[in-house]
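Shown next, in structure tokens, is the structure this report addresses.
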Amino acid sequence: MRKARHVLKQQHQLFVFLLAAADAVVVAAACYGAWAIRRSFLVEAPPPDWESYFKQPLVLFAIPITICMLWVFRLYRPRRDRSLRHELVQAAKASVGSIAAMIVVLWSVSNSVIVSDPPAPGEGIPVVTIVGRSLDAGRLQLLSLGVLLPCMLGLHRTLSRLLLRAMRRRGMNLRHVAIVGDGRLGAIVCRTLDRNSWTGIHVSYFISHHDKPIRALCANRPIAGGLPDLESILSKYPVDSVYIALPTARSAIIPRVLQRLERFVVDVRIVPDVQARYLPQSMAVAELDGMPVLSYRESPLHGLGGVQKRLIDLFGALGALLLFAPLMLAIAIAVRLSSPGPMMFRQRRVGLGGETFSIYKFRTMYHVEDEGEGSLAWTQRADPRVTGVGRWLRRTSLDELPQLFNVLRGEMSLVGPRPERPELAEQFRENWRGYMLRQHVKAGMTGWAQVNGMRGDTSLRKRLQYDLYYVKHWSLSLDLRILWLTIFKGFVHPNAH
């Protein structure tokens, strides 16, 4: 089940990339359509040739600006419970914002940048005549784009949504959820999700809000157990999301349920037993077929942001490998000559969604006493297990350069919380509130905690606070800032040993 969830997340990133690429094609088509309208109104325009189709500077501005606007209006985030009407309204807003941004950019670059038909010597800027009125041809092109862009984007998004709905009704691209609460509200949630099968959300089972279930089924779904069994049920039957649908009389236990769910890497949504207008404004609120849904917590890397982060990881890791290749070869030889044993060291670590992977490092300890999978001891200052070359590698963090291969494989990111060993992650999960929220993002080679000095034998509580800050406030600009700070603070540090 966990493997399937990991594959689903990878498929989502691919879907977002394809959706953005399709949007770019639609924007380009709208630009060429606007240019064709402009040409059709020019009285003495020369016949177009194929080369002229690829010399429309408006496309160069329109595609990146519109894609950014669609991202700003959150149209690349996975909200299966968002209505088509809401998506079309957001697409229209993004289109208007794109046209306004293009006007500003084009005006700042050149007043004539969109004039695709340069006038002959001695002639003025081309004009068109519509209903007896003269209009600058460039303005007509922008005006046409202002009409075509929202219409074509809306049509494209509608067709994409209909295709996804058809796929999900046939059992493809599903996300499995559990509902906490087997009362009237829980049954309403289940029936609403079943009725709106286009969302691809499938209710797998219920967890009763009583200590022990008083019945075996709710809305034709099994009740897996009572509230005291929450952790064991979710561990045995993993799901992608948890919907909390507790009756008003039991609403006081919601904070405790949320706290217990922090041990699991799942999206959490609250369906309140009240009307939508009475909900707090601090959470994202959606409505599915009249049923209000609160988005309490979800991964910050859903949508186009995750695709952009992955592209930075790929190009950054490839560039770093080319840059450090001679140094890595020299280190590998030095490690091999320093003591008997392999040059590389592998160890199991926990990454995105609780998945385990093998992390790569240059060996820094004597092979006979090397770290094993079962050892829970961290290295100390002047640790006798560390070789002379290994001590220098640890002090400069160069022993972690092979993790660039983990980044290329998609197991890690350049920036993120440092990955922990499975047995330590299980221990911290029990003892540290919110620890599992770190796994909403990929583990990283460097992170917010590391550039703030939280390395080696430092406070775990403080390190966790930095990691949770990163997860909560993630952005591409924060990633770039951390990478920049890593150059000065991430390699050599007094706490690195």
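Can you say whether ASP182 is outside any helix (DSSP H, G or I), touching a residue at least 12 places away in the same chain (Cβ under 8 Å) and out of contact with any Gly (no Cβ under 7 Å at 6 or more places or on another chain), as far as the supplied structure shows? Considered against the rule, which asks whether it is outside any helix (DSSP H, G or I), touching a residue at least 12 places away in the same chain (Cβ under 8 Å) and out of contact with any Gly (no Cβ under 7 Å at 6 or more places or on another chain), ASP182 comes out as yes. Among the candidates LEU162, LEU142, LEU148, LEU135, the residue that is in a helix (DSSP H, G or I) and either farther than 23 Å from LEU70 by Cβ or at pLDDT 90 or above (or both) is uniquely LEU148.
Could you tell me whether the stretch 418-433 includes any residue that is buried (at least 24 other Cβ atoms within 10 Å of the Cβ) and within 21 Å of the chain's Cα centre (by Cα)? Checked the stretch 418-433: at least one residue is buried (at least 24 other Cβ atoms within 10 Å of the Cβ) and within 21 Å of the chain's Cα centre (by Cα).
Residue count for the stretch 227-270 satisfying the condition of being hydroxyl-bearing (Ser, Thr, Tyr) and in a helix (DSSP H, G or I): 4. From (1) surrounded by fewer than 19 Cβ atoms within 10 Å (Cβ to Cβ); (2) more than 11 Å from ALA245 (Cβ to Cβ); (3) within 32 Å of the chain's Cα centre (by Cα), pick out the condition that doesn't hold for THR199. All conditions pass for THR199, except number (1). Among the helices (runs of 4 or more DSSP H) confined to the stretch 19-114, the ones with at least 2 residues that are more than 25 Å from the chain's Cα centre (by Cα) and modelled with pLDDT of 70 or more are located at 57-72, 84-109. Out of all the residues in the stretch 199-214, is one or more of a type in the set (Lys, Arg), outside any helix (DSSP H, G or I), on the phi < 0 side of the Ramachandran plot and touching a Lys or Arg at 6+ places or on another chain (Cβ under 9 Å)? Checked the stretch 199-214: no residue is of a type in the set (Lys, Arg), outside any helix (DSSP H, G or I), on the phi < 0 side of the Ramachandran plot and touching a Lys or Arg at 6+ places or on another chain (Cβ under 9 Å). Within the stretch 476-497, if we keep just the residues that are surrounded by 12 or more Cβ atoms within 10 Å (Cβ to Cβ) and in a loop (DSSP other than H, G, I, E, B), the residue that is modelled with the highest pLDDT turns out to be PHE491.
The values are calculated or read from the model by the stated rules, or taken from the named source; none is laboratory data. Bear in mind the structure is a predicted one, so any value in this text is a computation, not a measurement. Backbone-built Cβ (ideal geometry, glycine too); neighbour counts: all protein chains shown.
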